[in-house]
Amino acid sequence: MITEFLSDLRYGARLLRRSVGFTAVAVLSLGLGIGGATAVFSLVNAIVLRTLPVPDPQQLFQARSLAPGRDFGDIFSAPTFEHARDELASRGAGELFAATSVAGMQLQPDGEAIGARGNVQLVSGEYFRGLRQQAQLGRLLEATDNRTVGAHPVAVISDSYWRRHFAAAPDTVGRALAINGSTFTIVGVTQPRFFGTTLSLRAPDAWIPYMMQSVVRYSQNVSNSNSADPRKPWPPQPEMAWLNLFVRVPGAPAAAEGALTMVLQRDSAAVLPKDATADDRTEVHQQRVTLTDASTGLSSLRNSVSQPLYVLLAMVAVLLAIACGNVAGLLLSRAAGRAREMAIRQSIGAGRLRLVRQMLAESLLLAAAAGFVGFTFAVWARDALLALMINVGSSSAPVDLNTGLDWKVLVFSIGVSALTGMGCGVLPAIRGTRVPLAEAMKQDGRGAVGEGGRRGMVIGKSLVAVQMAFCLLLLVVAGLFTRSLRVLTQTDIGFDRAHVLTVRVDIRGAGYSPTERLGLYKRLVESLQAVPGIQAASLSANGPLWGSQRISSLSVEGYTAGNDERLRTNEEVVTDRYFDTMGLTILEGRGFRPEDGAPGVHNTIVNATMAKRFFKGGSAIGRHWDYGGSIGKNSEVIVGVVEDAKYVDLKGAAPNMAYLLADASPDDILGDIEVRASVPPASIAQTVRETLGRVEPRLPIVEVVPLEDRLARGVIQDRMVARLTAMFGGLALLLASLGLYGTISYGISRRVAELGLRMALGADRTTVLWMVLREAMALVLVGALIGVPLALAAGRAMRALLFNVGAADPISFLFGMSILLAVAAVAAYLPAHKASRIEPMVALSR
């Protein structure tokens with residue numbers, strides 16, 4: 001069988017070399033589908049499937065705290081981590097280590113005059129040992145590096161950072177690295193490709209002990225009770241939850257879960273206030289720790305793009321099916337032309353199964369060549385997809401996501417190629433070897449006619465109809481995502497997007513004290529408002545559409561929460577002209593005034609959503625709210641209600657929002673500057689940057705972009721999906737129209753005598769033209785009837801990814817149908833026009 005198979009491959013190769021045009025069309029059609037599928041799968045593999053590049057990643061788990069009906073989350077305090085680490089070690093139940101979220105900080109290596117933004121992660125001393133890592137140079141962090149608050153200024157840097165900033169110098173260990181203005185000593189360099197436990201586009205540049213939290217002013221991803229003091233170092237405070245906990249467990253995690261649960265209940269009970277209710281104590285005793293698989297690491301990127309990637313993978317599969325149908329149609333036509341050859345071979349003793357295997361070998365050769373083309377195309381397409389997905393052009397920082405084509409991608413590509421070869425070759429092989437010997441032997445080499453030929457045409461037309469159905473499916477899906485993107489980008493965000501320039505600065509990293517910060521805010525606002533073309537300027541803590549937010553529990557005067565209702569609000573700290581700068585209208589009451597910043601004054605402004613929820617049928621002005629405690633004389637007072645605006649999630653409804661004045665909240669750091677301009681914001685970006693650099697040279701500027709650009713960045717995943725689905729829809733339309741053209745052309749070549757006879761009996765050219773067009777468009781309409789319910793089902797399945805666009809959106813369906821009919825009409829007109837030009841006498845003489 002092996003000898004025969006190799007012989008079949010050689011024979012198939014000779015046949016394909018003789019038909020260069022056919023081979024090129026088939027290989028390119030399949031190659032596009034295979035390459036697109038491989039490119040998308042490579043991103044799915046890198047973001048969703050690939051495990052951490054550490055030994056035995058299946059042994060890694062992340063701790064999460066739960067209670068009946070409540071999810072406390074996946075962050076814990078440092079004292080709880082230390083107690084749990086010791087408990088697990090004493091029981092031999094596993095190895096516990098901790099890490100924070102990755103934070104952006106100012107990094108300035110020894111010898112560089114200017115610092116730059118980099119990524120830093122704070123970890124426990126057991127972190128690298130738990131991940132089974134060895135240093136490439138020097139040593140990694142150890143347990144002794146995390147004993148005393150602020151006493152361990154040592155850092156481990158990544159291989160990528162070492163090569164970019166130290167030119168891979170062997171004497172890097174022992175050199176200084178300033179992190180947010182504080183000097184650290186580099187003690188080691190990690191192995192290449194190591195990025196820790198967090199999968200992201202840009203890996204950490206440095207790891208430092210978590211005991212250095214207050215030194216580098218780390219302040220994100222934290223949950224704390226009212227008794228905690230965020231201004232003091234966090235590690236000693238049991239009320240400050242800010243560490244992700246990971247466990248390496250060689251066996252079943254049940255013992256580790258039990259030990260962690262015991263420690264968590266004990267520590268949570270110890271920090272309960274004296275006036276805690278019975279329900280609070282019951283909730284503490286009901287807490288438990290569950291361990292979830294962490295073999296692929298933590299990743300907000302995975303959560304945001306996995307669904308769109310799976311949608312794209314499904315669309316590429318449909319595109320590949322269309323390509324298979326196209327090539328199958330070509331092979332059917334080719335097999336019909338070889339009917340006499342098949343009949344002769346069978347008449348001299350060749351078995352039908354032997355002929356089927358020979359024809360399958362030919363289709364597998366096509367698939368193999370297409371797989372090679374597709375794999376090559378996938379290398380380029382993968383990088384193009386990644387660039388489109390993350391908008392690399394907006395940042396000069398390197399992308400550390402490993403999208404290399406590993407064995408999984410190679411196996412996927414080979415498997416898809418093999419399935420494609422079988423999928424497009426089985427039907428033509430079976431059909432092409434089923435020939436009536438006596439009838440086929442009478443033919444002159446033009447192929448089988450009669451009942452067998454008509455049956456072959458029916459099969460070819462059925463394939464075209466299926467292609468049209470799949471094509472309509474992709475066109476409608478592309479229309480749905482395009483419509484969704486259009487609606488999303490035009491939605492009212494509350495802010496005046498057209499006239500606002502935003503500036504992100506790193507005030508925390510520059511190390512300004514609370515007293516210095518208030519003076520800094522005033523200088524920045526005054527200097528910017530003096531620039532020609534600027535009407536107003538302000539600062540805020542989170543920044544519009546930047547992606548950060550602060551959420552707090554609250555209690556509201558006169559409002560009783562339901563049994564399962566949790567009262568929470570987003571908070572924003574702003575300077576007094578913030579609402580004027582952002583174009584937000586005060587709906588009730590007033591805006592902030594200078595006197596609102598006086599000591600002991602607790603005046604706040606809430607948005608319309610918060611006012612409507614808690615003060616139905618009445619005015620919110622003068623009412624009080626507090627941070628989860630009882631309402632008293634020090635509670636916050638509402639002096640104004642402002643219109644809603646979208647800060648983080650463009651697709652969701654506006655959340656409860658409370659605004660505080662910066663002068664009354666000196667401990668809060670305002671890292672976002674907003675500028676309202678009377679000219680296009682982009683035109684004054686450089687002027688604003690120069691003004692800030694002149695007024696405050698020590699202030700690091702992270703970015704200067706119009707608010708419209710932040711909005712565009714917020715919909716980048718939607719834009720990626722819309723563009724790629726449109727591209728796949730266009731490719732599907734091209735392939736389907738080529739299939740239609742080829743089938744109609746082949747049908748006409750089989751009916752030359754018939755058409756000549758019709759014209760000899762009186763049919764004019766227009767009649768023949770419309771006859772062929774009607775037959776072709778009938779195939780398109782049959783495909784459309786099949787495609788409409790498929791598109792409806794796809795729309796319903798992807799409803800969660802669409803924004804204010806229904807699964808049966810009439811515009812998307814009308815768009816898809818119109819494009820399909822128009823292009824199909826052009827594809828059918830060309831062979832129909834050729835048929836109408838047949839000379840009757842020439843046709844009848846053949």
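The values are calculated or read from the model by the stated rules, or taken from the named source; none is laboratory data. The model shown is predicted, which means the values in this text are computed figures rather than measured ones. In this analysis, Cβ positions are derived from the backbone assuming ideal geometry, glycine residues included, and neighbour counts consider all displayed protein chains. Heads up: the accessible areas ignore ligands, DNA and RNA and are worked out on the full protein's heavy atoms, side chains in. Shrake-Rupley method; radii C 1.70, N 1.55, O 1.52, S 1.80 Å.
Computed over the chain, the Cα gyration tensor eigenvalues convert (square root of 5λ each) into semi-axes of 63, 34, 25 Å, ordered from largest to smallest.
For region 658-700, with all protein chains present and a 1.4 Å probe, just round the carbon and sulfur fraction of the accessible area to a whole percent. List each step's numbers first, then the result.
Numbers: 880 of 1720 Å².
Ligands and nucleic acids excluded, carbon and sulfur reach 51 percent.
Taking only protein heavy atoms and a 1.4 Å probe, the accessible area of region 159-246 is 51% carbon and sulfur.
For region 58-158, the fraction of 1.4 Å probe accessible surface lying on carbon and sulfur atoms is 47 percent. In sequence order, what are the phi-derived ³J(HN,Hα) couplings for region 158-166 according to the Karplus relation 6.51 cos²θ - 1.76 cosθ + 1.60 with θ = phi - 60°, rounded to whole Hz, with x for glycine and proline? Calculated HN-Hα couplings, in order: 7, 4, 4, 5, 4, 6, 6, 10, 10 Hz.
How big is the C-alpha Rg of region 87-246 next to the rule-of-thumb value 2.2 N^0.38 Å, as a ratio? Mind showing how you got there, number by number?
Numbers: Rg = 15.4 Å, N = 160, 2.2 N^0.38 = 15.1 Å.
Taking N as the residue count of region 87-246, the ratio is 1.02.
For the chain, taking a cut-off of 4.7 Å between Cβ atoms, the unpaired cysteines are Cys471. Compute the Rg/Rh shape ratio of region 182-339: radius of gyration over Kirkwood radius, all on alpha-carbon atoms. Ratio of gyration radius to Kirkwood radius for region 182-339: 1.23.
Can you tell me the mean projection area, over all orientations, of the convex hull of region 634-754's alpha carbons? Units nm², please.
Values: hull surface 62.2 nm².
Dividing the Cα hull surface by four gives the mean projection, 15.5 nm².
Applying D = kT/(6 pi eta Rh) to region 635-678, where Rh is the Kirkwood radius over alpha-carbon pairs, T corresponds to 37 °C and eta to 0.692 mPa s, the Stokes-Einstein value obtained is 245 µm²/s. Electrostatic tally near Ser553: other residues with Cβ closer than 9 Å to its Cβ, Lys and Arg +1, Asp and Glu -1, net +2.
Hey, what's the per residue convex hull volume over the C-alpha atoms of region 491-601, in cubic angstrom?
Normalising the Cα hull of region 491-601 by residue number yields 179 Å³.
Using per-residue counts of other Cβ atoms within 10 Å, averaged over each peptide, order 44-50, 463-469 from highest down.
Values: 44-50: 19.9, 463-469: 25.4.
The densest-packed peptide leads the list: 463-469, 44-50.
Residues in the chain average 43 Å² of solvent-accessible surface per residue, probe 1.4 Å, ligands and nucleic acids excluded. With the gyration tensor restricted to C-alpha atoms of region 157-275, the semi-axes of the equivalent ellipsoid amount to 34, 21, 11 Å, longest first. Listed peptides 654-660, 348-354 appear in the order 654-660, 348-354 once ranked by packing, highest mean of other Cβ atoms within 10 Å at the front. The Cα atoms of region 549-658 define a convex hull whose projected area, averaged across directions, is 7.3 nm². Computed on the Cα atoms alone, the convex hull of region 82-123 gives a volume of 87 cubic angstrom per residue. With N as its number of residues, region 30-100 has a Cα radius of gyration that, divided by 2.2 N^0.38 Å, comes to 1.73. If you average the alpha carbon positions of region 751-827 and of region 611-658, how far apart do those two centres end up, in angstrom? That distance is 55 Å.
Going through region 543-582, which chymotrypsin sites (Phe, Trp or Tyr not before Pro) have at most 16 other Cβ atoms within 10 Å and a DSSP loop state? Mind showing how you got there, number by number?
On the way: sites: Trp546, Tyr559, Tyr578, Phe579; in loops: Trp546, Tyr559.
Answer by residue number: Tyr559.
Quick one: Cα centre-to-centre distance for region 116-195 and region 33-84, in angstrom? First find each Cα centre; the distance between them is then 23 Å. The aspartates and glutamates whose alpha-carbon is closer than 12 Å to the alpha-carbon of Lys651, local same-chain residues fewer than 8 away aside, are Asp492, Asp718.
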